[in-house]
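The values are calculated or read from the model by the stated rules, or taken from the named source; none is laboratory data. Bear in mind that the values here come from a model prediction, so they are computed numbers and not experimental data. All Cβ positions, even for glycine, are placed from backbone atoms using ideal geometry, and neighbour counts span all protein chains on display.
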Amino acid sequence: MALAKQSANSGTFGRRGVDASPRVRPASVRKPTVSGRPEARTAEAAAQAADAIARDVGTAASRGKAYAYACLSGATTFLAVLFILSGVESRFFQSGPMLFLLAIPVLPTLALALYIPTVVLSDLARLLSIPRGWSDIGIGFVLGLGVGIAYAVTAADAKSLATAVAITAGGIVGGWAFWRAQGYPGLSRAGRDAAEIAYHKIK
């Protein structure tokens with residue numbers, strides 16, 4: 001009887017039984033990720049759009065501050081150069097306190113009027129691949145020269161040429177001030193440090 005039992009099990013060496021079959025691991029079902037869900041994709045797209053808008057707003061605010069700084073620097077340079085060239089004989093200085101009262105509405109109006117030409121010239125310089133710095137100063141020079149020529153042609157002032165030169169100088173300094181306020185884009189770190197050291201020495 002033992003031999004019969006042994007012969008019955010002799011064909012099942014290494015197996016648990018005649019009808020035993022190897023275990024098959026069930027295929028793992030991949031759970032959908034968060035990014036694969038429609039609502040998750042919508043939320044992710046909305047977050048990316050919000051980040052892009054925030055970056056654009058930050059860039060616009062930075063450029064706005066730089067433009068205001070450039071306008072103030074240009075106006076200050078204009079008055080300084082005009083005083084050097086014409087002294088107190090210019091009607092700008094003969095007006096006395098009225099000069100400052102007139103500057104309150106005139107400067108913002110002039111800044112707004114020159115903003116669109118500044119953007120157009122900036123886009124043109126970018127298309128022509130003109131390096132930053134040169135383009136900023138060049139734009140200030142072109143705008144200052146244009147305003148200076150317009151003033152010299154229309155003003156009945158004996159010192160109109162000196163005023164035109166002062167306006168052009170203000171435009172050049174304004175363009176450089178915009179470039180500085182933006183962090184000297186286009187220069188390496190060493191170049192930015194050197195430009196800032198030169199600015200403080202000149203100042």
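If you go through the range 156-201 and pick out every residue that is out of contact with any Asp or Glu (no Cβ under 6 Å at 6 or more places or on another chain) and more than 28 Å from E89 (Cα to Cα), you end up with 24.
Which members of the range 127-160 meet the condition of being in a loop (DSSP other than H, G, I, E, B) and among the aliphatic types (A, V, I, L, M)?
Of the residues in the range 127-160, the ones in a loop (DSSP other than H, G, I, E, B) are 128-133, 155-159.
If the condition is that a residue be in a loop (DSSP other than H, G, I, E, B) and among the aliphatic types (A, V, I, L, M), then L128, I130, A155, A156, A158 are the ones that fit.
Just checking, does the range 179-189 include any residue being assigned to a helix (DSSP H, G or I), under 23 Å from A60 (Cα atoms) and among the hydrophobic types (A, V, I, L, M, F, W, C)? Yes, some residue in the range 179-189 is assigned to a helix (DSSP H, G or I), under 23 Å from A60 (Cα atoms) and among the hydrophobic types (A, V, I, L, M, F, W, C). For the range 118-165, taking the residues that are closer than 30 Å to G87 by Cβ, surrounded by fewer than 16 Cβ atoms within 10 Å (Cβ to Cβ) and among the β-branched types (V, I, T), the one that is modelled with the highest pLDDT is identified as I149.
As a summary of the residue check, K201 satisfies the conditions (1) within 26 Å of the chain's Cα centre (by Cα); (2) free of Cβ contacts under 8 Å to residues at least 12 places away in the same chain; (3) in a helix (DSSP H, G or I) except for the one numbered (1). Of all the numbered requirements in (1) assigned to a helix (DSSP H, G or I); (2) aromatic (F, W, Y); (3) more than 14 Å from A75 (Cα to Cα), W176 misses one, and that requirement is (3). Among residues that are among the aromatic types (F, W, Y), surrounded by 12 or more Cβ atoms within 10 Å (Cβ to Cβ) and either more than 28 Å from the chain's Cα centre (by Cα) or at pLDDT 75 or above (or both), F100 is not included.
Suppose the filter is out of contact with any Asp or Glu (no Cβ under 8 Å at 6 or more places or on another chain), of a type in the set (V, I, T) and within 23 Å of L79 (Cα to Cα); does V153 pass it? If you could, list the steps in order and put the result at the bottom.
Values: out of contact with any Asp or Glu (no Cβ under 8 Å at 6 or more places or on another chain): yes; of a type in the set (V, I, T): yes; within 23 Å of L79 (Cα to Cα): yes.
Yes.
Candidates A80, A52: the one that is modelled with pLDDT of 75 or more, more than 20 Å from Q182 (Cβ to Cβ) and either of a type outside the set (S, T, Y) or assigned to a helix (DSSP H, G or I) (or both) is A80.
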